[in-house]
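Here's the structure we're looking at; comments come further down.
The values are calculated or read from the model by the stated rules, or taken from the named source; none is laboratory data. Being a predicted model, the structure only gives us computed values, none of them experimental. As a convention, Cβ positions derive from the backbone with ideal geometry for all residues, glycine included, and neighbour counts pool all protein chains shown.
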Amino acid sequence: MLLSFENVSLSYAPNHNVLDNITFSLVEGGFYFLTGTSGAGKSSLLRLIYQADKPTKGQIHLFGKPLLPNNHKKQAELRRKIGIVFQDFRLIPHLTALENAALPLRLTDVGEDYIQRHTRELLEWVGVGDRMDAKPEELSGGEQQRVAIARAVVTKPKLLLADEPTGNVDESTALKLFHLFDELNKLGTAVILATHQSHLVYKFHKPALRLVQGRLKV
Amino acid sequence: MSLPRHLFTPAFRYQHLGRSFAAIVGIMVFIATFATAAEAVLLTASYLWGRTAETLLTVEIPATGDEASMTQAERIKQATSLLRAIPEVSSATPLSNDEVERLLSPWFDKPELLSSMPLPTLIDVERKSGADLSSAKIKSVLKPLVSDVRVNDHGTWTKDVWRLVRGLTLLGGLTIALTALTLVIAVSLICRAVIAAERETISLLHLMGTENIDIALHFQAQASHIAFRAAVTGFLIALFVTSALFFMTHNLANLSSLGWQHWASVGIVSLLVPLCATVIAMVTARISVMRLIETFP
């Protein structure tokens, strides 16, 4: 089992649940869309998976193990098995595309040769091979997101979480990025992609979890 | 683990926090080096002076005595013999008239006045090490020969000087301790400012699975690099200023009794200041960062 939520609720303020009694489970290697309008709770659900927030109620299992938010060491270990792509890219402005994409690899014990070779290959593969030495401000939105995707998958994580990854790019770029996520999934990485762009979701025949005001509708 | 060397550079460089960090470390090292060097010189010099002075007594034979039948030279000769005969006395040496005039000259505008005055003769008496020889005993030995003899025991005023030196040493120690404390507080505040400026980067590193200790160690490496360069600069400026001050005041404070080995020990003690400051800045940076980033998501 990749991920399971059991009666999970999340609230930031009393009497207001952002997520309300969510229960679902996902198998390893799958591609899942998480849809819903803005404010439906998509980002909050992803934040629970990558442990930026703790559930108010319920239990979450990831890779078959319960999440223990208070154990920082275990939390860090688990996060190294997850890749995250954000809507606002979150690239470090003073690092080049190559340095940004290589960052997660630098948290591992692999050598510099491998870091350089593997990151360059990956940037070529995502389509920004000719922009490796550019700083984020010199890249278009689509290019920045490709670098962010490369950074998210550079350590070959078991799970890739994407939070509105196409929110800041045009329609055709968004479609290309969706195909890129599909390709990554075919290479063995499970993908959970949160988006409000339902019309793009329909083009891919993948299971979707739909959130409506914090409640799950499969 | 090999995070990019310049990961936290923007906060350090572009927001001038690195400059503030370096300035504070440099200024603190300057103050501490100055205090340490001054304290080391004071302790060494006062020990050397005190060790010599506390065994000395000065016997003053007035120029005009009540024994008119005997010349001054004869009286000095006899007094010196009497002093040398005392078992606790190691040596008794009369000072020449020239030497006495040299000692008195700072108090006279016109040097010719000195030669026209009836100057007393001084005899330097050195006690044997550990001997109990009081000025009263010397007076009683010389009384039959010189009724109005005066004896100055240097051991009396060296005790007062030692008390003053101890007070100054404590003050110097307190200055160094307060400087170290100020360094800790200032480095801690600057580190907090840097971390606040780099909050996004640190949150991102957290989400990638970086552990706090790795972030803190990386930050510490960058901070200690800046601290070391600043500490060396502060030390060199302090060394220059201290040397210049000693050079300018060498007439007031005669430090010629200090040998090369004493100056070497002063240098070694002072050299510890920039090293200690770098270590303090390094450890403070690490602890501040660790405490702060534990509160980040």
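For first residues located in the range A:162-187 and part of a loop (DSSP other than H, G, I, E, B), partners that are among the β-branched types (Val, Ile, Thr) and lie 6+ apart or on another chain with Cβ distances below 7 Å form the pairs A:164/A:195; A:165/A:85; A:166/A:195.
Which residues, counting only those in the range B:189-204, are within 12 Å of chain A (Cβ to nearest Cβ), free of Cβ contacts under 8 Å to residues at least 12 places away in the same chain and aliphatic (A, V, I, L, M)? Result: B:204, single match.
Identify all residues within the range A:67-76 that are within 11 Å of chain B (Cβ to nearest Cβ) and exposed (fewer than 13 other Cβ atoms within 10 Å of the Cβ); write none if there are none.
If we filter the range A:67-76 for residues that are within 11 Å of chain B (Cβ to nearest Cβ), which is where we start, we get A:69, A:72-76.
Hit for the range A:67-76 is A:73, nothing else.
Name the single residue, out of those in the range A:95-104 being more than 9 Å from chain B (Cβ to nearest Cβ) and either touching an Asp or Glu at 6+ places or on another chain (Cβ under 9 Å) or farther than 14 Å from residue A:149 by Cβ (or both), that is surrounded by the most Cβ atoms within 10 Å (Cβ to Cβ). So, considering only residues that are more than 9 Å from chain B (Cβ to nearest Cβ) and either touching an Asp or Glu at 6+ places or on another chain (Cβ under 9 Å) or farther than 14 Å from residue A:149 by Cβ (or both), the one surrounded by the most Cβ atoms within 10 Å (Cβ to Cβ) is A:97.
Return the residue satisfying two criteria in turn: it lies in the range A:78-94 and is under 15 Å from residue B:210 (Cβ atoms) and at the interface with chain B (Cβ under 7 Å from one of its Cβ atoms), and of such residues it is farthest from the chain's Cα centre (by Cα). Within the range A:78-94, the match that is farthest from the chain's Cα centre (by Cα) is A:92.
Condition check: touching an Asp or Glu at 6+ places or on another chain (Cβ under 6 Å) and more than 30 Å from residue B:47 (Cβ to Cβ). Does residue B:114 satisfy that?
On the way: touching an Asp or Glu at 6+ places or on another chain (Cβ under 6 Å): yes; more than 30 Å from residue B:47 (Cβ to Cβ): yes.
In short, yes.
Suppose we filter A:129, A:142, A:111 for residues that are within 12 Å of another protein chain (Cβ to nearest Cβ) and at pLDDT below 95; which single one remains? Selected residue: A:111, the only one of A:129, A:142, A:111 that is within 12 Å of another protein chain (Cβ to nearest Cβ) and at pLDDT below 95.
If we keep just the residues of the range B:10-45 that are among the polar types (S, T, N, Q) and touching a Ser or Thr at 6+ places or on another chain (Cβ under 8 Å), which is modelled with the highest pLDDT? Before you say what the answer is, go through the steps one by one.
Within the range B:10-45, the first condition is being among the polar types (S, T, N, Q), and the residues that meet it are B:15, B:20, B:33, B:36, B:44.
From the residues that got through so far, the ones that are touching a Ser or Thr at 6+ places or on another chain (Cβ under 8 Å) too are B:33, B:36, B:44.
Values: B:33: 91, B:36: 88, B:44: 80.
In this case the residue turns out to be B:33.
In the range A:16-38 there is no residue matching the filter, namely being touching a helix residue (DSSP H, G or I) at 6+ places or on another chain (Cβ under 7 Å) and within 14 Å of chain B (Cβ to nearest Cβ).
For the range B:136-152, the tally of residues that are over 12 Å from residue B:86 (Cβ atoms) and among the hydroxyl-bearing types (Ser, Thr, Tyr) stands at 1.
Against the conditions (1) buried (at least 17 other Cβ atoms within 10 Å of the Cβ); (2) closer than 20 Å to residue A:80 by Cβ, residue A:144 satisfies every one except (2).
Counting residues in the range B:164-171 that are basic (Lys, Arg), assigned to a helix (DSSP H, G or I) and within 14 Å of chain A (Cβ to nearest Cβ) gives zero.
Does any residue of the range A:55-66 turn out to be within 8 Å of chain B (Cβ to nearest Cβ) and either basic (Lys, Arg) or closer than 30 Å to residue A:139 by Cβ (or both)? Outline the logic, then answer.
Of the range A:55-66, the ones within 8 Å of chain B (Cβ to nearest Cβ) are none.
Checked against the condition, which is being within 8 Å of chain B (Cβ to nearest Cβ) and either basic (Lys, Arg) or closer than 30 Å to residue A:139 by Cβ (or both), the range A:55-66 yields no hits at all.
Considering only the range A:115-136, state which residues are in contact (Cβ under 8 Å) with a residue 12 or more places away in the chain, part of a helix (DSSP H, G or I) and more than 22 Å from the chain's Cα centre (by Cα). Matches in the range A:115-136: A:116, A:131. Counting only residues that are closer than 21 Å to residue B:168 by Cα and either touching a helix residue (DSSP H, G or I) at 6+ places or on another chain (Cβ under 6 Å) or within 14 Å of another protein chain (Cβ to nearest Cβ) (or both), the range B:1-41 holds 13 of them.
Entry remark, the range A:155-212: residues being surrounded by fewer than 19 Cβ atoms within 10 Å (Cβ to Cβ), at pLDDT below 90 and among the β-branched types (Val, Ile, Thr) number 2 in total. Among residues of the range B:107-130 that are closer than 26 Å to residue B:80 by Cβ and in contact (Cβ under 8 Å) with a residue 60 or more places away in the chain, those with a Cβ under 6 angstrom from a residue that is of a type outside the set (Ser, Thr, Tyr) and assigned to a helix (DSSP H, G or I), sequence gap 6+ or separate chain, pair up as B:121/B:76; B:122/B:100; B:125/B:83.
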